[in-house]
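Colleague: Here you go, one structure.
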Amino acid sequence: MLHFSLDSPDEDEHNRLEKVNCYSHVFKSLEIAKSLVSSLTILFTVTDETYLKTSRMHEIASKAGTAAK
């Protein structure tokens, strides 16, 4: 099983929280990994800044064909 960390459904916020411009790389990595393994997970830590975005994270995980945890 592979896990991918996405800190926010918003690209700018994710990159700011990670301190690296890597939002688009997460999705590129998901596409590559989906061709290699059957089970992927997006890890999303709920914070004071992101708690209102859980439904958007679920949408992203569903579109990416992963489980959201």
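Colleague: If you rank Arg16, Arg56 by how much accessible surface each has, with a 1.4 Å probe, what is the order from largest down?
Modeller: These residues rank, largest area first, as Arg16, Arg56.
Colleague: Then there's this: With +1 on the Cβ of every Lys and Arg and -1 on the Cβ of every Asp and Glu, and nothing else charged, how large is the dipole of the chain about its Cα centre, in debye rounded to the nearest 20?
Modeller: Result for the chain is approximately 300 debye, rounded to the nearest 20.
Colleague: Positive end of the dipole of the chain, charges at C-beta (+1 Lys, Arg; -1 Asp, Glu), about the Cα centre: which of Phe27, Ser39, Leu17 has its Cα farthest in that direction?
Modeller: So the residue furthest toward the plus end is Ser39.
Colleague: To continue, here is another question. With everything on Cα atoms, drop me the angle between helix 23-34 and the longest principal axis of the chain, reported from 0 to 90° to the nearest 10.
Modeller: 20 degrees
Colleague: With a cap of 13 neighbouring Cβ atoms within 10 Å, and only residues DSSP puts in a loop, list the GluC sites (Glu not before Pro) found in segment 30-67.
Modeller: Passing sites in segment 30-67 are Glu49.
The values are calculated or read from the model by the stated rules, or taken from the named source; none is laboratory data. Computed from a predicted structure; not experimentally measured. Please note: Cβ atoms are built from the backbone with ideal geometry, for glycine as well, and neighbour counts cover all protein chains shown. The accessibility values were calculated without ligands, DNA or RNA, using every heavy atom of the protein model including side chains. Shrake-Rupley method; radii C 1.70, N 1.55, O 1.52, S 1.80 Å.
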